[in-house]
1. I'd like to verify a number: residues in segment 375-397 that are in a helix (DSSP H, G or I) and out of contact with any helix residue (DSSP H, G or I) (no Cβ under 9 Å at 6 or more places or on another chain), how many?
2. From the list 284, 264, 304, which residue is free of Cβ contacts under 8 Å to residues at least 40 places away in the same chain and within 16 Å of the ligand (Cβ to nearest atom)?
3. Across segment 398-410, which residue is farthest from the chain's Cα centre (by Cα) among those that are outside any helix (DSSP H, G or I) and among the hydrophobic types (A, V, I, L, M, F, W, C)?
4. Please go through (1) more than 16 Å from the ligand (Cβ to nearest atom); (2) farther than 21 Å from residue 232 by Cα; (3) surrounded by fewer than 24 Cβ atoms within 10 Å (Cβ to Cβ) for residue 278 and return the number of the only condition it doesn't satisfy.
5. Of a type in the set (S, T, N, Q), under 29 Å from residue 162 (Cβ atoms) and surrounded by fewer than 24 Cβ atoms within 10 Å (Cβ to Cβ) - does that describe any residue in segment 299-313?
6. Got at least one residue in segment 105-122 being surrounded by 14 or more Cβ atoms within 10 Å (Cβ to Cβ), of a type in the set (Gly, Ala, Ser), not in a helix (DSSP H, G or I) and not assigned by TED's automatic domain parsing to the domain that holds residue 282?
7. All but one of (1) within 16 Å of the ligand (Cβ to nearest atom); (2) surrounded by fewer than 24 Cβ atoms within 10 Å (Cβ to Cβ) hold for residue 96; which doesn't?
8. Taking into account only those residues within segment 301-358 that are aromatic (Phe, Trp, Tyr) and under 24 Å from the mean Cα position of the chain (by Cα), which is farthest from residue 234 (Cα to Cα)?
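The values are calculated or read from the model by the stated rules, or taken from the named source; none is laboratory data. What you see is a predicted model; the values in this text were computed from it and never measured. Every residue, glycine among them, receives a Cβ derived from its backbone with ideal geometry; neighbour counts consider all protein chains shown.
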Amino acid sequence: MDGESGGTASSTTNGDDPYALANAALDRGGFESDPVETAARLDADDPLSGFADRFSVPGDVLYMDGNSLGPASDAALASLDRVVDEWRELLIGGWTDADPPWFEVGERIGSALAPLVGADPAEVVVGNSITVNVHTLVGTFLDELLAGNGPDRTEHAAADGTWAPGGNPDVDPAVLVNDLDFPSDHYAIRAQLRSRGIDPEEKLRTVESRDGRTIDPADVEAALAEHDDVGIVFMPTALYRSGQLFDVERVARAAHDAGAYAGFDAAHSVGAVPHAFADAGVDFAVWCTYKYLNAGPGSIGALFVAERHHGLTPALAGWWGHEKATQFEMNLTYTPADSAGAWQIGTPPLLAAAPLEGSVETLREAGIERIRAKSLALTDFLIASVDERLPDVSVGTPRDRDARGGHVALEHPDAERLSTALTDRGVVVDFRPPNVVRVCPAAPYTSFADVLEVVDRIEAILETGAHEAYATSEGGVT
Ligand SMILES: Cc1ncc(COP(=O)(O)O)c(C=O)c1O
């Protein structure tokens, strides 16, 4: 019967959707009622509102920078305290006698992260940092390609032994990236190409953005059609500047159809957006835990390697990736663990991993689907408010929810000074050259009233010209 069902997740009339009012504001191009009232109703109905009290954000601060460094939480500090106590009390014995033992920390916390990325527990491990993990994983798959092993084109099975661009096994593999990537990834990939005698000027192939903000997935497909030597497609799940969210499954399918592995930098989505890496056919992925996973500054990195690739020898091998059962036999020959654990390298930094255990528990309790629903509502609400009240600010983040990650890029010609003025007024945001203020209303600890307050303060700064009192710097990306 007409009108009885068929509502979508973002249906504006669905009484079960606590965030419908925020979604409606963007869909209708404006607020139906007073935004202050709307924010109050959204906050009152928000099933995640109780989580904010578990995070340490000073009362006078509006923290909109959780996409750079998430705040401390009670659970993260408790798991850190536990490990510090274990160190004090057990000393070296902590590796085996702590409860749980430190020895398998990488695998154990990796298993806890696996549901957030749609993976089996053995496919995720925590270790190293993003940059190091790009080195070891891109290096590993370059080695596979140089040995003639590409992804199976139909079933994604590893190593079919026949990878040869255009039928020529002497052609070196290329890596496909894009020109809006985080720079460190390019540095690492170039180094891995160079160390195999492959010229990055030729073989680091770059998809160019058409608008300086986003990458059109059709352009990734076109690059694959144009160059038959691409052996690895390495893309972000979400761009660090504009926050564009990629269609991981589409990119992975395009890569495999072209005989290339599909790898992702998921730093800007894990913990904010649910992923299904295994089902999407992703070969490998890397991410950090200090952004949306709230594990603290410099906290340990994380990686995913699809099960079909377990058993490969990592490019950067180390004893912590050795098969666990025989690691302490101290053999001089390396036997890789038969899991993603093989891509660990050296002793895990326990104190940089400990907070993650607690923070992941908090996120799992909140539920990644609910986090995503609220995050979209918060960014809908922010974008609708900017559209309505800030005529000199434009939104550089896709309005399409399927293509939007967890933060919003606000563009303004004086973005650097605006961002300093905001930070001076208790709104912590960050500036990304040349013209972007990134605003991240992270779902676990941000309210709709907070978002409104941020817009109020931007409006006040721009109306009074308060930002013009600040100097610009020559500083770059941090
Ligand atoms: C998208 C992305 N990739 C890579 C990195 C580098 O990470 P790391 O310094 O942990 O190696 C960052 C750091 O913020 C990032 O945002």
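1. Our first condition is that a residue be in a helix (DSSP H, G or I); within segment 375-397, this holds for 375-389.
After this cut, where a residue has to be out of contact with any helix residue (DSSP H, G or I) (no Cβ under 9 Å at 6 or more places or on another chain) as well, the list is 375.
Total meeting the criteria: 1.
2. On the way: 284 fails: free of Cβ contacts under 8 Å to residues at least 40 places away in the same chain; 304 fails: free of Cβ contacts under 8 Å to residues at least 40 places away in the same chain.
When all the criteria are applied, what remains is 264.
3. First pass over segment 398-410, keeping only residues outside any helix (DSSP H, G or I): 398-400, 404-410.
Then keep just the ones that are among the hydrophobic types (A, V, I, L, M, F, W, C); that gives 408-410.
Working: 408: 14, 409: 16, 410: 19 Å.
Applying the filter and picking the extreme gives 410.
4. (2)
5. Yes; the residues of segment 299-313 include at least one that is of a type in the set (S, T, N, Q), under 29 Å from residue 162 (Cβ atoms) and surrounded by fewer than 24 Cβ atoms within 10 Å (Cβ to Cβ).
6. From segment 105-122, those surrounded by 14 or more Cβ atoms within 10 Å (Cβ to Cβ) are 105-122; that's our starting set.
Narrowing further to those that are of a type in the set (Gly, Ala, Ser): 106, 110-112, 114, 118-119, 122.
Restricting the remaining residues to those that are not in a helix (DSSP H, G or I) gives 118-119.
With not assigned by TED's automatic domain parsing to the domain that holds residue 282 added as a condition, the list becomes none.
No, the conditions are met nowhere in segment 105-122.
7. (1)
8. The initial filter retains those residues of segment 301-358 that are aromatic (Phe, Trp, Tyr), namely 304, 319-320, 328, 334, 343.
Checking the rest, the ones that are also under 24 Å from the mean Cα position of the chain (by Cα) come to 304, 343.
On the way: 304: 14, 343: 18 Å.
Residue satisfying both the conditions and the ranking: 343.
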